[in-house]
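Notes to accompany the following structure.
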Amino acid sequence: MNRNFSAEASIVVTPQDTANRIALASTDSFPEVFATSRMIALMELAAARAMKSLLGEGQLSVGVSLNVRHTAATLAGCQVRAVATYQGTEAKLMHFRVEAFDEAGLIGTGDHARAIVDTARLMSGAERRRRPISNTHSNTHSNSQGIQ
């Protein structure tokens, strides 16, 4: 991939994309503006699209690191566009400059690294990390400090 190659992803912000939708309890309070987590997801999607032509059979790209700033609020109904620009490869990590824009201009910037992985190997590793449901309660009692 050539340095400065870029790819994009865009959405129209819906109420489901706003920060107040991430609340888990009635005491959690967030504004009805585009959530940082959704901006990050859009930035990751743009970078993944940039890498698509590099993927072989049974491979996908995964996010490894991300450092972003969300600098402006965006209301539902507005379009947001993320751009990922390839900066180079270090070891097996592909580095991107990521930016997000709404109709008024820049709303977020950052740096993002992705790696190409074997899908089956990734899913196998994730499956090994899953604790069987039947062992959940017995594992809590075996911890002498009661930490869960």
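The values are calculated or read from the model by the stated rules, or taken from the named source; none is laboratory data. Just so it is clear, the structure is predicted and the values come from calculations on it, not from any experiment. For neighbour counting, all protein chains shown are included, and Cβ atoms are generated from backbone atoms with ideal geometry for every residue, glycine included.
Quick rundown of the values:
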| quantity | calculated |
| --- | --- |
| Positions within region 19-57 being crowded, with 20+ Cβ neighbours inside 10 Å and either of a type in the set (S, T, N, Q) or out of contact with any strand residue (DSSP E or B) (no Cβ under 7 Å at 6 or more places or on another chain) (or both), in sequence order | 38 |
| Filter result for residue 103 (charged (D, E, K, R) and either more than 25 Å from residue 17 (Cβ to Cβ) or buried (at least 19 other Cβ atoms within 10 Å of the Cβ) (or both)) | no |
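Table: residues versus (1) within 19 Å of the chain's Cα centre (by Cα); (2) in a loop (DSSP other than H, G, I, E, B); (3) among the charged types (D, E, K, R); (4) modelled with pLDDT under 95.
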{"position": "108", "(1), (2), (3), (4)": "yes, no, no, no"}
{"position": "115", "(1), (2), (3), (4)": "yes, no, no, no"}
{"position": "127", "(1), (2), (3), (4)": "no, no, yes, yes"}
{"position": "131", "(1), (2), (3), (4)": "no, yes, yes, yes"}
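Matching residues to (1) of a type in the set (Lys, Arg); (2) modelled with pLDDT under 95; (3) farther than 14 Å from residue 107 by Cα:
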position: 8; (1), (2), (3): no, no, yes
position: 17; (1), (2), (3): no, no, yes
position: 25; (1), (2), (3): no, yes, yes
position: 30; (1), (2), (3): no, yes, yes
position: 34; (1), (2), (3): no, no, no
position: 38; (1), (2), (3): yes, no, no
position: 51; (1), (2), (3): no, no, yes
position: 67; (1), (2), (3): no, no, yes
position: 83; (1), (2), (3): no, no, no
